[in-house]
1. From the set of residues in region 129-162 that are in contact (Cβ under 8 Å) with a residue 24 or more places away in the chain and among the polar types (S, T, N, Q), which is farthest from the ligand (Cβ to nearest atom)?
2. Evaluate the following for residue 201: is it within 16 Å of the ligand (Cβ to nearest atom), over 17 Å from residue 74 (Cα atoms), in contact (Cβ under 8 Å) with a residue 24 or more places away in the chain and small (Gly, Ala, Ser)?
3. Can you name every residue in region 292-345 that is of a type outside the set (Val, Ile, Thr), farther than 18 Å from residue 30 by Cα and in contact with a Gly (Cβ under 9 Å, 6 or more places away or on another chain)?
4. State the number of residues belonging to region 85-113 that are in contact with a helix residue (DSSP H, G or I) (Cβ under 9 Å, 6 or more places away or on another chain) and more than 15 Å from the ligand (Cβ to nearest atom).
5. Among the residues of region 373-397, which ones are crowded, with 22+ Cβ neighbours inside 10 Å and within 20 Å of residue 332 (Cα to Cα)?
6. Restricting the search to region 269-299, which residues are under 15 Å from residue 234 (Cβ atoms) and β-branched (Val, Ile, Thr)?
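Coordinate-derived values only; no laboratory data. Only a predicted model underlies this, so the values are computations on that prediction, with no experimental measurement involved. In this analysis, Cβ positions are derived from the backbone assuming ideal geometry, glycine residues included, and neighbour counts consider all displayed protein chains.
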Amino acid sequence: MIKNSFDIEGIRSQFPSLKRNINGNQAIYLDSPGGTQTPQRVIDKMVDYMINHNANSGGVFATTVETDSMILETRKSFADFFNCSPEEISFGENSTTLNFKLSQAIARDLKAGDEIIITDIDHDANRSPWEILAERGVIVQSVRVNTETLTIDLEDYKRKLTQKTKVVAFNYGSNAVGTISDAKTIIDLAKTVKAITVVDAVHFALHGVLDVKELDADFVFCSAYKFFGPHIGVLYSKSERMNVLKTLKVSAQKNYAPDKFETGTLNHEAIAGAAEAIEFIADIGRKHPEHILTPDSVASQRRNNIISGMRALEAYEIPLAEYFKDELKKIKGLGLFSPPKGHLCTSTISFRLEDLHPLDVAKSLAEKGIFVWAGGFYAVGLMRALGLSESGGLVRIGLAPYNTKDEIDRTLSVVKVIAGS
Ligand SMILES: Cc1ncc(COP(=O)(O)O)c(C=O)c1O
């Protein structure tokens, strides 16, 4: 069932945190939608920056020159990650903050009566930054989610999309239930009314290949801590959009991309670590050339390696997640909240156990050293649509490529005990 060419022990040995013990049990990290663990090489890169290259940017002495060069190299790494140009990459505190800055900048060109579309499956980080614009008279429409398939209702989207729509902001991968949205269709439709598209790829980024060229998206954001890196947000902005964007900036700041979007001093050590997280994925790709049949001849070698690396991670994780779901379904009283077979989804799986509060389930798992999240995960629209806002939301299990079948089996046996089956 689960392909063995993936060197799971080799992967695990790179993550020092996996050795942690809780109450005599080896910890099982099933919390990846909240953030993954970090390989030693990423940690080393950050320490190396702080020891050997620590400085502010823009000067003439060794450490500042090295800092500028490191930032530029990281922009190149993310250009390969997103499939764009280095100047289309901006760094920031986290995705939420980047999106607030983006929405406020876009809003400078909006007027009362203009419309913005968001969706009910969105994380609040891609809802509130747009909803707040209602105070300027902008009308925000939220597209319904199909509660059977846990997907964005495309018919409702088509109904809401009009010539008044100026922005379409939507979620690429649901951090609550794992749904992967049909981003290409959503963007193609948005383009028919010339709306700006903003894609929240924070959850998706760990589970699929980002390709902003293929999507033809205007803005896409993600956070490196969701894919083996440190806590930092990264924004892709299509040049033609960023060039005309009235960003919020101090007057001394350069007025061209990417600097025009980056306020103040950046988190240099995190930028250094984020580049290494991409190298970690690319190195997996180097070991799995079988996942890329026709390398993109225009793309860099690193881009091709990132693509095969991401595909290798998914080829390992998805069968594990399928096995997990099939076994969960057998547990009496367990209700699974996952898109049905045939719909694209990540290896994030949510459920409820009849009569048990999700937080109590998470606590019982935590006592056995199994780290899972419970609640609404800021997916406010989805929880409302599912009628779960007042009753504690869901228990969420999120796989990462360092999880093993043994860990899944150990988790299943604890869930069975909690369920009393
Ligand atoms: C889908 C999604 N969007 C946005 C965010 C917010 O990201 P950040 O914590 O970097 O602001 C998260 C965080 O969990 C998320 O899962």
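1. Residues of region 129-162 in contact (Cβ under 8 Å) with a residue 24 or more places away in the chain: 129-130, 132-133, 136-145, 147-152, 154, 157-158, 160-162.
Right, trim to among the polar types (S, T, N, Q) and you get 141-142, 147, 149, 151, 162.
Numbers: 141: 19, 142: 15, 147: 19, 149: 18, 151: 15, 162: 26 Å.
The selected residue is 162.
2. Working: within 16 Å of the ligand (Cβ to nearest atom): yes; over 17 Å from residue 74 (Cα atoms): yes; in contact (Cβ under 8 Å) with a residue 24 or more places away in the chain: yes; small (Gly, Ala, Ser): yes.
When the stated conditions are applied, residue 201 passes them.
3. 302, 304, 305, 308, 309, 310, 311, 312, 332, 333, 339, 344 - these are the residues of region 292-345 that are of a type outside the set (Val, Ile, Thr), farther than 18 Å from residue 30 by Cα and in contact with a Gly (Cβ under 9 Å, 6 or more places away or on another chain).
4. The qualifying residues number 13.
5. 393, 394, 395, 396, 397, listed by residue number.
6. Once the filter is applied, which keeps residues that are under 15 Å from residue 234 (Cβ atoms) and β-branched (Val, Ile, Thr), region 269-299 yields 271, 278, 281.
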